[in-house]
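Each reported figure results from applying straightforward, stated rules to the coordinates on display, with no laboratory input. These numbers were taken from a predicted model, which means no experiment stands behind them. Heads up, the Cβs are rebuilt from the backbone with ideal geometry, glycines too, and the neighbour counts pull from every protein chain shown.
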Amino acid sequence: MGKFTDALRKAADERLSRIDKMDQQTQVKYEFVARKTVESDIDPRIVAFYDPLSPVTEQYRALRTNMAPLSTPSKQIKTVAITSSTHSEGKTISAVNFAVIMAKDLDNKKVLLIDADMRRSKVSRYLGIPAHAGLAEVLAGTAEVDECLLHVGIDNLTVLPAGKAPANPAELLASVRMKELVNKTRARFDFIIIDAPPIVPVTDVAIFGGYMDGVLMVVQANRTQKGVIRHAGMLIKQAQMNLLGYVLTDIRYHIPSYIYRYL
């Protein structure tokens, strides 16, 4: 079993190495879409925090609204994993913005954002959180959940950072502790958003996606190939995950100033 696990880990590392090289060759320059209106270490790309009335923020509200009909009294959607087919498609920025909107707009509903992308965690960086124990330590049994939960100055939003990058993220996410963590936090929070790893290069999402209420897949416009999206959809279906829909990022369009004033 150890040799099999090592082989899987080696294959995942090789895939990530190839993806890193591709990302460097086709690096996208992201521009800040909000100016800082308050003194904060939160990244300006978290538009829902800095500019709640912007058209970009409204798109995250639309996402929340579009999800509402999918939740019924008999099957409420409380735990949602946000993934992508590959890296660098805007998955984490979307997860953080969505979490901020849910925390701000849901009438004091408690929202938990979990960084489960332990190989390439970015939630802490976008929220200006210094290095701190998190999910990796909780799943390894070296820290308790309450020791790792953080408040970042946004009402109703709690964050569980990824923690120190472990050598065995897939095994930790597949552990009983991960399922227990989801069940425990589900009882304490009204909504849980998990920033999950991309689904094509690694198998982490398929491991714990089965006990999520749903999965959202982020797709970057003019970059992600159709074949890759289809392959990711097939993997989601094979893992018997409930695909709630797709989030298209990096859409560029011009909004006339006279319209913008009324948005």
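Taking the stretch 94-153, which GluC sites (Glu not before Pro) meet the DSSP loop condition and have no more than 14 other C-beta atoms within 10 Å? Passing sites in the stretch 94-153 are Glu144.
What shape does the stretch 79-147 take by its C-alpha gyration tensor, where a ≥ b ≥ c are the square roots of the eigenvalues and a/c under 1.5 counts as rounded, a/b above b/c as prolate, and the rest as oblate?
On the way: a/c = 1.78, a/b = 1.15, b/c = 1.56.
Oblate is the answer for the stretch 79-147, as a/c is 1.5 or above yet b/c matches or exceeds a/b.
Of the peptides 42-52, 169-179, the order by per-residue mean of other Cβ atoms within 10 Å, starting with the highest, comes out as 42-52, 169-179. A Förster radius of 30 Å, combined with the Cβ-Cβ distance separating Leu70 from Glu144, puts the computed FRET efficiency at roughly 0.35.
Quick check on packing: order 121-129, 61-69 by the mean number of other C-beta atoms within 10 Å, highest mean leading. Let's see the in-between values first.
Working: 121-129: 19.0, 61-69: 12.6.
Ranked by mean Cβ neighbours within 10 Å, highest first: 121-129, 61-69.
Taking 7 Å steps out from each Cα toward its Cβ at Leu248 and Glu58 produces label points 1.7 nm apart. Each peptide in 150-161, 82-93 receives the mean, over its residues, of other Cβ atoms within 10 Å, and ordering these scores from highest gives 82-93, 150-161.
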